[in-house]
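What follows is a set of notes on a single structure, which appears directly below.
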Amino acid sequence: MLGHDLPEELDHFLAAREEELIAFRRDLHAHPELGYHEHRTTSRVSLRLAAAGLRPVILPKGTGLVVDVGDESAGNSLVALRADLDALPINDEKNVPYRSTIPNVCHACGHDVHTSALLGAGLFLAGQAAAGTLPGRVRLIFQPAEEVPGGALDVMAAGGIASVDRIFAVHCDPRLDVGKVGTRTGPITAACDKIRVRVTGPGGHTARPHLTADLVYALGKIVTELPAALSRRVDPRSSLSLVWGRVRAGSAANAIPDDGIVEGTVRCLDDEAWHEAPDLLKALLESVASAYGVIAELHYQRNVPPTVNEPVSTAILETAAAQVLGHEAVTPSPQSLGGEDFAWYLESIPGSLARLGTRAPGSAGDFDIHQAVFDVDERAIGVGVRLMAAAALTALHANGPSVPDRLPDGVGA
Ligand SMILES: [Zn+2]
Ligand SMILES: [Zn+2]
């Protein structure tokens with residue numbers, strides 16, 4: 001079990017460091033960088049870790065880094081904590097002193113908060129290691145390009161989780177009050193793929209659709225029929241959902257065009273349905289297109305699998321949160337149809353992603369992530385520090401020789 005003084009040690013650490021971490025977040029927020037371009041962000045994180053005596057290793061593509069806290073003499077267990085560094089191609093519409101200084105780039109998904117919280121947890125754990133109280137090693141993963149996505153795959157290709165026993169991460173949740181942590185066993189985020197359908201035909205005059213193929217009409221049928229047919233061909237419990245975001249065809253009111261496109265996303269909570277989706281969509285598309293005499297090509301772009309939280313890791317997160325934030329802080333999180341590339345790690349090793357509440361209690365408006373005005377109650381950074389540090393310590397103790405084979409009462413409910 002963890003020492004009873006962990007909450008006090010974290011209080012003490014944050015009393016000295018919380019202001020610095022908030023300033024760190026504001027600096028990142030004012031200088032956001034898109035996926036695979038996080039050079040300044042990587043450098044800022046790297047310098048701060050190095051100043052604490054740690055030895056960060058930059059990933060091969062030049063952005064993102066991993067760093068180990070503690071050494072093997074403390075035990076063989078290795079637990080990873082992950083944050084993501086990248087921002088979104090959105091213009092920052094907030095009126096705050098730390099507003100983005102880069103046009104059309106904004107930390108609208110809270111990755112600046114994740115990065116600052118992980119930095120804080122890392123500095124705290126480095127203090128524990130220096131004091132000889134860290135029962136193993138903790139790897140901090142500052143991952144690039146979550147939104148692109150693919151940064152998780154780069155970390156894995158670089159051997160970043162090769163000997164890791166468990167991995168944890170948090171993600172900002174603007175629908176949850178600051179101080180609260182949302183947990184869930186099983187799928188917490190969805191698969192999110194992109195599709196593009198290109199339809200072609202001979203084109204012609206709108207007076208004579210029967211002599212050509214009425215491409216815009218066929219495109220309309222594809223737009224409405226594909227989601228409808230999917231909802232009848234796939235188990236509703238898999239929550240497979242196709243939603244279009246872009247459609248384009250034609251240039252004149254009286255000319256049937258010879259091509260058109262429609263693009264959208266396919267989201268899914270179930271791994272099996274996710275694997276079957278491309279073939280099923282292709283078959284449905286062909287049947288609709290052939291009925292109207294057009295040719296339809298499907299370009300299916302696989303993105304991320306669903307994030308499926310492993311039960312023991314989720315119980316560890318809940319134990320850790322209860323110890324350092326209080327039992328009432330832990331709340332069940334609903335499934336989200338958002339995508340998160342943390343899912344790739346969980347296809348290889350056990351782990352769990354928690355939701356970090358960022359809403360100012362009693363605030364009137366609700367923010368959502370990926371909105372141009374998204375912002376957080378910055379006390380969430382300190383909460384993230386407490387949660388991630390405690391999760392790593394709880395997991396290391398759980399892997400150690402002196403641990404009970406069951407978790408404390410009340411865990412995993
Ligand atoms: Zn995002
Ligand atoms: Zn995100």
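Computed quantities for the displayed model
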item: Residue list for segment 193-212, filter: outside any strand (DSSP E or B) and surrounded by fewer than 23 Cβ atoms within 10 Å (Cβ to Cβ); result: P202, G203, T206, A207, R208, P209, H210, L211, T212
item: Lone unmet requirement of (1) within 16 Å of ligand 1 (Cβ to nearest atom); (2) open to solvent by less than 10 Å² (accessible area, probe 1.4 Å); (3) under 19 Å from the mean Cα position of the chain (by Cα) for L88; result: (2)
item: Checking S116 against (1) of a type in the set (G, A, S); (2) within 15 Å of ligand 1 (Cβ to nearest atom); (3) closer than 22 Å to E19 by Cα, the condition it does not meet; result: (2)
item: Residue among N95, N104 that is without any contact (Cβ under 8 Å) to a residue 24 or more places away in the chain and at negative phi; result: N95
item: Strands (runs of 3 or more DSSP E) wholly inside segment 214-330 that include at least 2 residues being without any contact (Cβ under 8 Å) to a residue 40 or more places away in the chain; result: 241-249
item: Top-ranked residue of segment 144-157 - restricted to ones that are more than 13 Å from ligand 1 (Cβ to nearest atom) and in contact with a helix residue (DSSP H, G or I) (Cβ under 7 Å, 6 or more places away or on another chain), ranked as nearest to H12 (Cα to Cα); result: P144
item: Positions within segment 73-103 being within 16 Å of ligand 2 (Cβ to nearest atom), among the aliphatic types (A, V, I, L, M) and assigned to a loop (DSSP other than H, G, I, E, B), in sequence order; result: L85, A87, I90
item: In segment 104-161, the residues that are within 16 Å of ligand 2 (Cβ to nearest atom) and of a type in the set (D, E, K, R); result: D112, E146, E147
item: Single match in S352, S348, S313, S336 (criterion: within 16 Å of ligand 1 (Cβ to nearest atom) and within 20 Å of the chain's Cα centre (by Cα)); result: S336
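So that you can scan it fast, the table gives a plain yes or no per residue for (1) touching a Leu at 6+ places or on another chain (Cβ under 8 Å); (2) without any contact (Cβ under 8 Å) to a residue 60 or more places away in the chain; (3) within 16 Å of ligand 2 (Cβ to nearest atom):
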{"position": "G351", "(1), (2), (3)": "no, no, no"}
{"position": "R355", "(1), (2), (3)": "yes, no, yes"}
{"position": "P361", "(1), (2), (3)": "no, no, no"}
{"position": "A364", "(1), (2), (3)": "no, yes, no"}
{"position": "H370", "(1), (2), (3)": "yes, no, yes"}
{"position": "F374", "(1), (2), (3)": "no, no, yes"}
{"position": "A389", "(1), (2), (3)": "yes, no, no"}
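The values are calculated or read from the model by the stated rules, or taken from the named source; none is laboratory data. Keep in mind the model is a prediction, meaning the values are calculated, not measured. Glycine also receives a Cβ, built like all others from the backbone with ideal geometry; neighbour counts cover every protein chain displayed. Areas reflect the complete protein model, heavy atoms only, side chains present, ligands, DNA and RNA absent. Shrake-Rupley method; radii C 1.70, N 1.55, O 1.52, S 1.80 Å.
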